[in-house]
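Report on one structure; see the data block that follows.
Please treat every number below as a calculation from the coordinates, not as lab data. What you see is a predicted model, and the numbers here were worked out from it, not measured in a lab. Glycine also receives a Cβ, built like all others from the backbone with ideal geometry; neighbour counts cover every protein chain displayed.
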Protein chains: 2
Amino acid sequence: MTDVMTNGQTLAPNATIGILGGGQLGRMLSVAASRLGFKSHIYEPGANPPAGHVAETVTTAPYEDEAALRAFAESVDVVTYEFENVPTSALDLIESLVPIRPNRKALAVSQDRLVEKNFLRDLGLSVAPFAAVDDDLDLAEALLEIGAPAILKTRRFGYDGKGQARIMELSEADQALADMAGAPAVLEGFVDFSHEVSVIAARGQAGDISCFDPGENVHKSGILHTTTVPARLTPAQRTDAVLLAAKILNALDYVGVMGVELFVTSAGLVVNEIAPRVHNSGHWTQNGCVIDQFEQHIRAVAGWPLGDGKRHSNVEMLNLIGDDVDRIPEFAKDGSVAIHLYGKADVKPGRKMGHVNKITGAA
Amino acid sequence: MTDVMTNGQTLAPNATIGILGGGQLGRMLSVAASRLGFKSHIYEPGANPPAGHVAETVTTAPYEDEAALRAFAESVDVVTYEFENVPTSALDLIESLVPIRPNRKALAVSQDRLVEKNFLRDLGLSVAPFAAVDDDLDLAEALLEIGAPAILKTRRFGYDGKGQARIMELSEADQALADMAGAPAVLEGFVDFSHEVSVIAARGQAGDISCFDPGENVHKSGILHTTTVPARLTPAQRTDAVLLAAKILNALDYVGVMGVELFVTSAGLVVNEIAPRVHNSGHWTQNGCVIDQFEQHIRAVAGWPLGDGKRHSNVEMLNLIGDDVDRIPEFAKDGSVAIHLYGKADVKPGRKMGHVNKITGAA
């Protein structure tokens, strides 16, 4: 680590930000870093990562390569990440050499659904009924308590609906447990919600908090399909959403951007899950705000003041999954649509290829 | 050149755009290219160019290095440039291998003030009175015709007020000519203008034209200081500005973004100069429009449809020259200000270090 952490925790001009993960989130973080004059160094096991196209340096190495991790950590001034499933051993090594932001506590909580649920419940927030399931006995007990329909989820490494099995009737319990392939799991009760929203919240190094206006999310096949801003929320719900996000960030002494997914129910907001990073449901900020979620994250990590999250435009974000990219020529003709492609070489079903932000009016 | 120019002249997804010049304009072009899924390859003689931080590939070599130019041209699918003074020999070599956009005609016209003035006058556009000056006899004749005050400018390689000498009284003529150091020059008469505006105009491969709303420019020590949008213009002047820009682009069979600087006078608009590239006075579009001038240029070069140039916000762009970057902490606290830094290693007087776009309201 070069000596450029000056003014307390503020990153010096031209410093280098290390980013673990080279997907589209790392790519857009790297671009945001460049706007503030910082360089990026991407660490990614896979070859030719999307983030590498817009980064100063790319390290292609597995998370088990201690020499590569060490060289990476020594060449950057701070480390952040685009996904929460970085192996603990890699984080231990990196943290011995350079600060990691957001901190390890946020990662530990969000890497494990059971820890996360307990953390949120202990904060006094509403979550879906849940119970730990390690074996068939646990599952039987959990189903007695929670009932069906319910959903069984692996505690670790789940994303975009992966590692999940629905139990609509009790007869489906055995198959659901088999789907976990022996991995520790959590049974979650269904929440009767009208729609899902998410808050993209940020906390700076001084403890200041700034939230973007909540977006309303629609999923398709377990993957985010659209985010629409503004979301359908009462003024009271809007306030609740921001306050509970702030509670989570403060409890974790968090620095950076977090995505907080919320179910809207007649009894109030229920926290679905948190992601200690920039979030797909915050992509609309790129064309709706002066300072978007990517720059907000970089600002926090760099010790800068946060943007105020103000929205100048209403936006509908649409993810381009797999063949959806074939619609680009149509979107390119619409002057109210901003296109964001990730430069991925191959189109695959279910793969996030890009997104578009359609401006639907002034805020 | 790989075979990715499909659908007539449209660049294929994941194609690579070669950019001559690695300064801030190349940097922001590279970022815009990434948004559309393209990679960038920067060619720049100077070491550690700002654009290199966000480009897939950087070639560091002089414009006289034929092997480097050849390798560069062969590795990209189309070439564009961030500045108009690329040596002709380099362009000849590149053009034998890969298309250059905007085309050579635009470069030839804008590389030479005399050719440019004649071109604009022949189009029927108003320009300042001018005369070619190669020696003291020419200068004496030109001053008889145009009178003082006037300004002597080198025909080639002038920018940001460099290569210019004011002649306020006839007694200053000898010194002004000496300042040219023997370079061919042009004497230009002063134009009695109330203010300067510029039109950032774009033309696509199908001949379609799209202009951003004119911005009003204020210079300081010969360098652009602020651009404010909207500019003070009557509706008729606004129409004139767009029509004359279109006339220029069509006459050059232009593909890409051009900056057209105009003096506003009581007798109408007078063309000051044109720049066949993205332009400092168009930086406001990054935070005022869905599709900014950098993406507009990439769209044109890639054969995509152009954005419509619509503005969602009013903006004041302020250049950060030299020590102005010390004001960043102040700007960072203002949620209506978007910061754009260029990642230049050293602060020098007169050096463009970045700019800020302040949103002043909805359009």
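Annotations for the structure displayed:
- Across identical copies of the chain, residue B:194 has label-point separations of 5.4 nm, listed in ascending order, with the point defined 7 angstrom from Cα along Cα→Cβ.
- Here residue B:10 yields copy-to-copy label distances, from shortest upward, of 4.8 nm, the label point defined as 7 Å from Cα along Cα to C-beta.
- Each pair of Cα atoms in the range B:183-239 enters the Kirkwood radius, and Stokes-Einstein at 4 °C and 1.567 mPa s then converts it into a translational diffusion coefficient of 94 µm²/s.
- The alpha-carbon of residue B:344 sits under 16 angstrom from the alpha-carbons of these aspartates and glutamates, leaving out residues fewer than 8 places away in its chain: A:56, B:44, B:323, B:324, B:326.
- Across B:99, B:276, B:49, mean-square fluctuation computed from a Gaussian network of chain B (C-alpha pairs under 10 Å connected) peaks at B:99.
- Relative exposure of A:346, B:326, judged by other C-beta atoms within 10 Å (fewest first): A:346, B:326
- Evaluated at q = 0.07 Å⁻¹, the base-10 log of the normalised Debye intensity for chain A, with identical point scatterers placed on the Cα atoms, takes the values -0.30.
- Rg ratio (alpha-carbon, reference 2.2 N^0.38 Å) - the range B:195-362: 1.03
- When the alpha carbon coordinates of the protein assembly as shown are projected onto the principal axes, the ranges are 103, 53, 52 Å, largest first.
- With R₀ set to 35 Å, the beta-carbon distance separating residue A:171 from residue A:267 gives a calculated FRET efficiency near 0.70.
- Computed over the range A:5-100, the percent of Cα pairs more than 16 Å apart is 49.
- Over all projection directions, the Cα-based convex hull of the range A:44-184 averages an area of 10.5 nm².
- Stokes-Einstein D for the range B:129-189, Kirkwood Rh over Cα pairs, 25 °C, 0.890 mPa s (µm²/s): 225 µm²/s
- Average Cα contact separation per residue, chain A, under 8 Å, 6 or more apart, as relative contact order %: 14 percent
- Each part reduced to its alpha carbon centroid, the range B:80-148 and the range B:19-74 end up 25 Å apart.
- Sorted from nearest, the other copies put their residue B:265 label points 7.4 nm away, the label point being 7 Å from Cα in the direction of Cβ.
- Kirkwood hydrodynamic radius (C-alpha pairs) into Stokes-Einstein, the range B:265-335, 37 °C and 0.692 mPa s, D in µm²/s: 222 µm²/s
- Relative exposure of B:211, B:289, judged by other C-beta atoms within 10 Å (fewest first): B:211, B:289
- Debye, to nearest 20: dipole size of the range A:5-100, +1 on Lys, Arg Cβ, -1 on Asp, Glu Cβ: 440 debye
- 25 Å Cα-Cα threshold exceeded, pairs from A:105/A:247; B:162/B:352; A:162/A:247: A:162/A:247
- Summed residue charge, Cβ within 14 Å of residue A:68's Cβ, Lys/Arg positive, Asp/Glu negative: -4
- The residue among A:274, A:322, A:332 whose Cα reaches farthest toward the positive pole of the charge dipole of the range A:252-363, with charges on the beta-carbon of Lys, Arg, Asp and Glu, is A:332.
- Approximating the spin labels as points 7 Å out from Cα along Cα→Cβ, the residue B:251-to-residue A:122 distance works out to 7.4 nm.
- When A:324, B:77, B:292 are sorted by how many other C-beta atoms sit within 10 angstrom of their C-beta, beginning with the fewest, the order is A:324, B:77, B:292.
- Over chain B: helical MRE at 222 nm, DSSP H runs n ≥ 4 each giving -39500 (n - 2.57), nearest 500: -8000 deg cm²/dmol
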